[in-house]
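Notes for the one structure printed next.
Just so it is clear, none of the values below were taken in a lab; they were calculated from the coordinates. Here the structure is a predicted model, which is why all the values come from computation and not from measurement. A quick note on method: Cβ atoms are made from the backbone with ideal geometry, for glycine too, and the neighbour counts reach across all protein chains shown.
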Amino acid sequence: MIKKTSPATEEALALRRKKFKHTKSEWLCIILLCAPAIIHLLVFWLGVQIETFKLAFTDHYTQQTGWFNFKWAYEQLTGAASADIPLAVQNTFKFFALGCLLIPISMFFAYLIYRKSFGHGFMRVSLYLPGAIGGIMVSLLYARLMIYDGPLMSLYSQLTGNDPVMLSSENGILYIMIHDVLIGVGANLMIWLGGMSRIPYDLIEVGKLEGIGPFTEFRKVILPLIWPTFVTMFTLQIINIFGSSGSILALTGGADGTNTLAFWMYNMVLQGLSQEYGNVSALGLIFTVVTIPIVVIGRWFMNKFGEEVEY
């Protein structure tokens, strides 16, 4: 017995077949639209990765293939050849820790603004304002305020009776970190507020009727609902663990012991020292290999404490 399908079913099947069937002009349009992205990917990502991999195993002077550059990287990392790279690694981890710390700090201020706590309007404006101005302009203003004879250091001298502090030279890392906190909190704030704005306000009202306080509300209601955003932001931070760097270029230029791995590599390429390209490539390849298991384990660990929530 032949089972007949209804006209509605046949129409639905025809539409489904038509959905995956394109004319030549449609295919041409799709190819033209995708071509720039594909070319960009092949040239500026795949091409760069292949060339970097080749440079890492090639000696610049003899053009022989081997582990020469990795031997150099090992000596640099252990401090056997120079203390510059170990210091850059230490500074890199300091900026990584600061980036991780900024995530909960930004989340805290976002929650205060979301709940419309006292002073939320002032917090919104003051934290957003640095992000509305160009980054270089903010860095120049910050540098001017913090110099030895600037207004903030002069005020510090008047209040304490001590000589003004030259943070940029005496403690360059702290000098950059203060700047990054002022800039970073506002940038992360928009992401957190975007995640919290999706939470149905009915849940908040129910919590208020049940008499739960702000801390319990955040821990039992807000945090579980925005946990995927929390995991994503921390994962991105972990991915950039060896690329973490503050506003070094605008503030110190790597001077006064403020160099990081990312800025050191940038300097090598900027100076056009082709003999260093293989060394930089080997160092970057080592950190890439080390980063992969850290990211996988870190994301798995964070997902153990929360689940994907649909609302």
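Results, tabulated for the structure shown:
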{"quantity": "Histogram of C-alpha separations across the chain, 10 Å bin width, %", "calculated": "5, 17, 22, 22, 18, 10, 4, 2, 0, 0, 0"}
{"quantity": "Segment 70-303, relative contact order in percent, only Cα pairs under 8 angstrom and at least six apart counted", "calculated": "30"}
{"quantity": "Cα-based convex hull, segment 42-115, per residue volume (Å³, whole number)", "calculated": "135"}
{"quantity": "Kyte-Doolittle at least -0.5, axis length at least 30 Å by Cα - qualifying DSSP helices, the chain", "calculated": "84-114, 172-196, 277-303"}
{"quantity": "Computed helical MRE - 222 nm, the chain, DSSP H runs ≥ 4 contributing -39500 (n - 2.57), nearest 500", "calculated": "-22500 deg cm²/dmol"}
{"quantity": "DSSP-loop chymotrypsin sites (Phe, Trp or Tyr not before Pro) across segment 108-157, with at most 16 other Cβ within 10 angstrom", "calculated": "118, 148"}
{"quantity": "Lys pairs under 21 Å by Cα in the chain, provided they are eight or more residues apart or on distinct chains", "calculated": "5"}
{"quantity": "Debye intensity ratio in log₁₀ form over the Cα atoms of segment 213-290, taken at each q of 0.23 Å⁻¹", "calculated": "-1.07"}
{"quantity": "Most mobile listed residue (27, 67, 45) in the chain, GNM with C-alpha springs under 10 Å", "calculated": "27"}
{"quantity": "With at most 16 neighbouring Cβ atoms within 10 Å, loop trypsin sites (Lys or Arg not before Pro) (DSSP) excluded, longest segment of the chain", "calculated": "199-303"}
